[in-house]
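The structure under discussion appears below in the form of structure tokens.
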Amino acid sequence: MFKGILQVARGEFRLFVLNSKIIVVLFAIIYISESLMEPVRRLCEASGLKLSFMEPYLLLTDVESYSLVIPLVFMVLMSGFPSRQSFNYFSLIRISRTQWLLGEMLFVCAAAVSYILLILFGLIAYMCRYISWTNGWGSYMLDFHMQYPEEYMENAGYFLRSDMMTHGSPLSVFLHSLCLMVCMLLTVALLQMTFALMKKSLIGMLLSVGITLMAAPMIHNGAGKLKWIFPMPHTNFALHFNGFLAEKNLGIGMSYIYFAVLITILVSVDVMLMKKIPMGGQ
């Protein structure tokens with residue numbers, strides 16, 4: 001059974017990596033680096049201060065207009081998922097529907113994690129001269145505002161907010177930010193697969209893009225508890241807290257429960273759809 005699951009996941013992952021659309025990731029990294037990280041690089045160079053290896057990614061997720069790039073590019077990469085070749089596995093290697101679904105889910109997990117790591121290492125590579133490999137906040141985030149108060153006020157958007165830095169250790173904030181974004185990517189990928197099984201892939205893509213973009217103005221304008229209906233706000237660690245105060249807007253655990261419920265619902269719908277539609281040679 002496990003062999004069939006691996007064959008499906010491996011086949012999909014090969015297509016994912018070799019797909020010409022993967023070049024979009026490179027363009028996304030260049031865009032983020034040149035527009036968001038370049039001013040940070042200049043400030044580091046002028047001050048002689050450094051970032052920790054975790055902070056480029058955290059800064060990306062802390063700026064809403066840039067963090068949207070992560071799921072939107074992933075949706076482009078996952079357009080056409082599941083592949084037509086994947087459906088043919090039923091006749092080619094004679095696997096069960098359960099094996100096929102588990103293989104697709106394994107692929108989605110591998111694709112989401114690989115994609116996030118590619119962005120992470122891309123940002124680190126761009127900032128390599130100003131990266132400190134330490135398990136703590138970098139001197140850039142901790143000391144710049146004290147040493148250069150005027151420059152800090154002029155460039156406040158290129159620093160992590162207090163609610164990102166005061167509610168957990170750097171490593172815990174970093175890991176939560178990574179895991180919540182992976183959950184977001186799993187959700188949109190499974191949503192696309194659900195609509196693909198209903199032969200309405202375009203609707204699935206438009207819906208995924210819609211629920212991602214609709215959350216942006218709500219994050220920017222506050223929107224109270226209404227924003228937590230959408231998945232994207234859950235990926236922003238800082239939004240869970242009210243500034244540097246101990247008061248929480250939403251517990252981190254609730255975001256994991258939110259994604260767990262969404263993913264469970266989507267997988268359950270996929271299981272029901274598979275029982276009703278012809279797939280491959282069956």
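The values are calculated or read from the model by the stated rules, or taken from the named source; none is laboratory data. These figures come from a predicted structure and were not determined experimentally. Every residue, glycine among them, receives a Cβ derived from its backbone with ideal geometry; neighbour counts consider all protein chains shown. The area values use the complete protein model at the heavy-atom level, side chains included, leaving out ligands, DNA and RNA. Shrake-Rupley method; radii C 1.70, N 1.55, O 1.52, S 1.80 Å.
Below, the figures for the structure above:
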item	result
Global form of the chain, assessed from the alpha-carbon gyration tensor, a/c cut-off 1.5	prolate
Ranked packing of 50-60, 11-21, 132-142, 97-107, most packed first, by mean Cβ within 10 Å	50-60, 97-107, 132-142, 11-21
Rounded to the nearest 10 Å², the accessible area of Thr264 at probe 1.4 Å	80 Å²
Value of [θ]222 nm, deg cm²/dmol, for the chain, DSSP H segments ≥ 4, -39500 (n - 2.57) each, nearest 500	-21000 deg cm²/dmol
The chain: angle of helix 23-32 to the longest principal axis, Cα-based, in degrees nearest 10	20 degrees
Charged-residue dipole, Cβ positions (Lys, Arg, Asp, Glu), the chain about Cα centre, Debye nearest 20	1560 debye
Relative contact order %, the chain, counting alpha carbon pairs below 8 Å whose residues are six or more apart	27 percent
Angle in degrees between helix 170-197 and the longest Cα principal axis of the chain, rounded to the nearest 10	30 degrees
Prolate/oblate/rounded label for region 1-86 (Cα gyration tensor, a/c 1.5)	prolate
Dipole-positive endmost among Met193, Pro231, Tyr158 within region 99-240 (Cβ charges, Cα centre)	Met193
Carbon and sulfur %, accessible surface of region 116-196 computed with the full protein complex present, 1.4 Å	63 percent
Helix 38-47 axis, angle to the chain major axis (alpha carbon atoms, nearest 10°)	30 degrees
